[in-house]
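The values are calculated or read from the model by the stated rules, or taken from the named source; none is laboratory data. Here the structure is a predicted model, which means the values were calculated and not measured. Here the Cβ is made from the backbone with ideal geometry for all residues, glycine too, and neighbour counts use every protein chain on show. Just so you know, the surface numbers come from the protein's heavy atoms only, side chains and all, with ligands and any DNA or RNA stripped out. Shrake-Rupley method; radii C 1.70, N 1.55, O 1.52, S 1.80 Å.
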Number of protein chains: 2
Amino acid sequence: MASRSRASARALLASLLAPALVALLVAPARGRGGRDHGDWAAAALVPPLPPREDAARVARFVTHVCDWGALATLSTDQAVRGWAFADVLSLSDGPPGAGSGVPYFYLSPLQQSVGNLQENPHATLTMSLAQTNFCRKQGFDPQSPLCAHIILSGTVTKVNQTEMGFAKHSLFVRHPEMKTWPSSHNWFFAKLNITNIWVLDYFGGPKIVTPEEYYNVTFHQ
Amino acid sequence: MASRSRASARALLASLLAPALVALLVAPARGRGGRDHGDWAAAALVPPLPPREDAARVARFVTHVCDWGALATLSTDQAVRGWAFADVLSLSDGPPGAGSGVPYFYLSPLQQSVGNLQENPHATLTMSLAQTNFCRKQGFDPQSPLCAHIILSGTVTKVNQTEMGFAKHSLFVRHPEMKTWPSSHNWFFAKLNITNIWVLDYFGGPKIVTPEEYYNVTFHQ
């Protein structure tokens with residue numbers, strides 16, 4: 001080609017690639033940690049799954065990369081009293097790259113689940129990688145164990161003074177919208193005190209992980 | 001440009017656009033209905049949310065576009081007997097564009113939730129648009145009511161002969177991996193018989209929708 005055509009072709013190529021390059025520049029490189037609400041490019045940044053045989057590590061991984069989960073509580077609603085009730089809650093176990101394994105919540109007494117917890121604090125939280133792009137990219141069905149999910153039973157309690165700062169930072173950095181929620185809803189920080197852990201990450205049924213094994217996992221950043 | 005350069009530029013343009021054009025051709029145009037496991041392009045195809053004040057329609061919408069949910073049951077596990085238990089299940093209410101509102105499941109007696117249901121069939125299913133890209137694209141936190149989610153309480157039972165064909169087709173077309181799951185797991189088709197519906201799609205607390213209102217919604221395709 002003549003050099004003027006080469007320049008035209010380069011200009012065409014650059015104009016086609018420019019949006020993609022800009023998207024790469026603005027995507028947070030720190031990994032998916034809940035800061036991608038609105039930032040579609042960041043959804044691609046789920047770190048690799050730990051070895052599936054290390055169930056405790058897989059459990060910590062799932063807790064850390066998930067932004068939300070479903071919490072089961074015993075219903076106090078007249079219509080369905082005593083039945084198992086399920087609801088969706090946002091959560092965070094720590095800032096991106098610094099997960100503690102403790103699921104923190106930002107709750108209001110106006111929420112149905114919180115009314116239930118006030119009568120009986122026992123609850124079960126489930127979190128699945130199906131909420132990330134991991135399963136979709138690998139072609140794993142949400143109900144396949146390969147699309148790893150975990151089940152954590154325990155009690156939900158208010159966070160005490162010592163933990164308050166970490167809970168607040170963990171939640172607000174990954175759920176910045178929370179900072180705008182109306183104070184009239186009497187929001188408070190809560191946590192799940194985990195007593196039982198089941199990990200479904202491979203065929204063969206749920207693996208039991210003890211809280212001790214779960215909290216003993218360390219991640220090197 | 002000389003005509004040979006125009007041809008070169010067109011060839012360059014075509015080669016750059018070709019992958020995108022192929023992706024558009026293979027992405028199911030029928031809307032996100034669970035067939036995108038592995039097909040990242042299809043994740044963009046969530047139809048627009050119905051008007052939020054039409055809570056019954058919003059509920060039907062959420063049920064239809066969701067591929068999975070969390071089911072709360074009363075635990076029969078010795079470790080946590082009588083507590084509320086939560087697990088993740090794939091589901092489908094119908095083929096893409098033909099949702100019935102009935103959540104169908106493909107279950108095995110080996111699953112923890114199924115052991116629980118065998119003792120007490122009362123359960124609550126929750127599904128959230130947070131599992132699609134809707135909330136992420138709009139910048140809605142998963143716990144914001146704007147990131148709509150619904151809560152359906154009722155009983156889970158095996159599907160009868162009349163419904164078997166529709167349940168099977170609904171599930172297998174959206175969860176093709178299910179066709180490969182081992183028969184040794186004694187899979188069966190089940191459904192949630194809905195008695196209570198709560199819709200959280202706007203500020204002001206949960207909206208109650210009756211099963212009659214829910215099933216009276218019609219979608220024109």
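Among the residues of the range A:136-176, those that are touching a strand residue (DSSP E or B) at 6+ places or on another chain (Cβ under 9 Å) and facing chain B (nearest Cβ under 7 Å) comprise A:ASP141, A:PRO142, A:GLN143, A:SER144, A:HIS149, A:ILE151, A:SER153, A:HIS175.
Listed here are the residues, each with its yes/no results for (1) away from every other protein chain (no Cβ under 14 Å); (2) of a type in the set (S, T, N, Q).
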site	(1), (2)
B:LEU49	yes, no
B:ALA56	yes, no
B:VAL65	no, no
B:ASP77	no, no
B:PRO96	yes, no
B:TYR104	no, no
B:GLN111	no, yes
B:THR124	no, yes
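For the range B:176-219, which residues satisfy the criterion of being more than 13 Å from B:VAL102 (Cα to Cα), part of a helix (DSSP H, G or I) and open to solvent by 80 Å² or more (accessible area, probe 1.4 Å)? Once the filter is applied, which keeps residues that are more than 13 Å from B:VAL102 (Cα to Cα), part of a helix (DSSP H, G or I) and open to solvent by 80 Å² or more (accessible area, probe 1.4 Å), the range B:176-219 yields B:LYS179, B:THR180, B:SER183, B:SER184, B:GLU213.
Across the range B:112-149, the number of residues qualifying as in contact (Cβ under 8 Å) with a residue 40 or more places away in the chain, under 19 Å from the mean Cα position of the chain (by Cα) and open to solvent by less than 20 Å² (accessible area, probe 1.4 Å) comes to 13. For A:LYS179, indicate whether it is closer than 16 Å to A:ARG60 by Cβ and touching a helix residue (DSSP H, G or I) at 6+ places or on another chain (Cβ under 9 Å). It is false that A:LYS179 is closer than 16 Å to A:ARG60 by Cβ and touching a helix residue (DSSP H, G or I) at 6+ places or on another chain (Cβ under 9 Å). Residue pairs whose Cβ atoms lie under 8 Å apart, separated by 6 or more positions or on different chains, with the first residue in the range B:168-187 and without any contact (Cβ under 8 Å) to a residue 24 or more places away in the chain and the second open to solvent by 30 Å² or more (accessible area, probe 1.4 Å) and of a type outside the set (Lys, Arg), are B:LYS179/B:PHE172. Scanning the range B:101-111 for residues that are open to solvent by less than 40 Å² (accessible area, probe 1.4 Å) and over 12 Å from the mean Cα position of the chain (by Cα) gives B:TYR106, B:LEU107, B:SER108, B:GLN111. Examine the range A:114-122 for a residue that is more than 8 Å from chain B (Cβ to nearest Cβ), under 20 Å from A:TYR214 (Cβ atoms) and touching an Asp or Glu at 6+ places or on another chain (Cβ under 6 Å), and state whether such a residue exists. There is no residue in the range A:114-122 that is more than 8 Å from chain B (Cβ to nearest Cβ), under 20 Å from A:TYR214 (Cβ atoms) and touching an Asp or Glu at 6+ places or on another chain (Cβ under 6 Å). Out of B:VAL88, B:VAL65, one residue alone is open to solvent by less than 40 Å² (accessible area, probe 1.4 Å), within 25 Å of A:GLN138 (Cα to Cα) and in contact with a Lys or Arg (Cβ under 8 Å, 6 or more places away or on another chain). It is B:VAL65.
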